[in-house]
Amino acid sequence: MGVAEVSNVLWREREQLDLLLFKLEEEQLVLNSGRTRWVAHATREVEIVLEQVRQSELLRAVEVDAYAESVGLGPNPSLKDLATAAGEPWSELLLAHRDALVEVTDEIRRLSESNRIILSAAARATHETLLSINGTLETYAPTGRTTSAAPANLVDRSL
């Protein structure tokens, strides 16, 4: 197990994280379009890529630990520690992998949080609409107590 194998695994992981980012953006486009028919499909695709990322992370951990042992590092070293132990030209490449991974995971975190907010708002709106149809929608009064709101009326403005 050498540094070349570690680098190859990192390339694959970066590609999968880029694919995850794409799938999250695709999911957001579906959510923002209001085409709820495709939300489940988009979410399923995100879950499939997430599983692939998990498998890549496991493979990376195995490769990194094997290489770390060969250069005298302990288990689960950081990419920065690996880069220091590897020497040039590998150290520069490993640091570039590290920077790219940090950047893409930050983008993934922001986008998944944004999607979570959109999904929560949609679920809340759906829940409130269903409750208003049944006449059991409760809201908060200025005092903080719950009150039953007036039933909502659905109006088709296209008529």
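Matching residues to (1) farther than 28 Å from Asp99 by Cα; (2) assigned to a helix (DSSP H, G or I); (3) free of Cβ contacts under 8 Å to residues at least 12 places away in the same chain:
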residue	(1), (2), (3)
Asn8	no, yes, yes
Arg12	no, yes, no
Gln16	no, yes, no
Leu19	no, yes, no
Phe22	no, yes, yes
Glu25	no, yes, no
Gln28	no, yes, no
Ala40	yes, yes, yes
Thr43	no, yes, no
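Against the condition under 19 Å from Leu10 (Cα atoms) and without any contact (Cβ under 8 Å) to a residue 40 or more places away in the chain, how does Arg98 come out, does it pass? Taking the combined requirement at face value, the residue satisfies it. Screening Asn115, Asn76, Asn32 for residues that are surrounded by fewer than 13 Cβ atoms within 10 Å (Cβ to Cβ), polar (S, T, N, Q) and part of a helix (DSSP H, G or I) leaves exactly one candidate, Asn32. Scan region 61-73 residue by residue and report those that are surrounded by fewer than 16 Cβ atoms within 10 Å (Cβ to Cβ), of a type outside the set (A, V, I, L, M) and in a helix (DSSP H, G or I). Of everything in region 61-73, those that are surrounded by fewer than 16 Cβ atoms within 10 Å (Cβ to Cβ), of a type outside the set (A, V, I, L, M) and in a helix (DSSP H, G or I) turn out to be Glu69, Ser70.
Taken together, the values in this text are just the output of simple stated rules run on the coordinates, not laboratory data. As the structure is a prediction and not an experimental result, all values here were calculated from the model. Using ideal geometry, Cβ is built from the backbone for each residue, glycine included, and neighbour counts are taken over all protein chains shown.
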